[in-house]
Amino acid sequence: MKNKITPAQNQANIQNSNRGTSGTNRQYDQNQGNRGKQLNPNNKK
């Protein structure tokens, strides 16, 4: 079973890009994906 992530840990993960490592964390990836959708000039409202 996976460990539960607290809201404080989730907030920290969203801001942490893990520079200098071989990957990123899931919360960061999901946040950046949503950010890309919102900034896309072709996005129809």
Response to the item:
Counted residues in region 27-45 being loosely packed, with under 12 Cβ neighbours inside 10 Å and either modelled with pLDDT under 80 or part of a helix (DSSP H, G or I) (or both) come to 10
Worksheet item: Pairs, please: C-beta under 9 Å, at least 6 apart or cross-chain, first residue touching a residue at least 12 places away in the same chain (Cβ under 8 Å) and closer than 19 Å to residue 5 by Cβ and in region 17-45, second part of a loop (DSSP other than H, G, I, E, B) and of a type in the set (A, V, I, L, M, F, W, C)?
Response: 27/5
Worksheet item: Quick one: in region 7-26, which of the residues that are within 9 Å of the chain's Cα centre (by Cα) and assigned to a loop (DSSP other than H, G, I, E, B) is surrounded by the fewest Cβ atoms within 10 Å (Cβ to Cβ)?
Response: 16
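Which residue, of 18, 3, is out of contact with any Asp or Glu (no Cβ under 8 Å at 6 or more places or on another chain) and at positive phi? Walk me through how you get there before you give the answer.
Working: 3 fails: at positive phi.
Step by step, each of 18, 3 is checked, and only 18 is out of contact with any Asp or Glu (no Cβ under 8 Å at 6 or more places or on another chain) and at positive phi.
The values are calculated or read from the model by the stated rules, or taken from the named source; none is laboratory data. The model shown is predicted, which means the values in this text are computed figures rather than measured ones. FYI the Cβ positions are ideal-geometry reconstructions off the backbone, even for glycines, and counts take in every protein chain you see.
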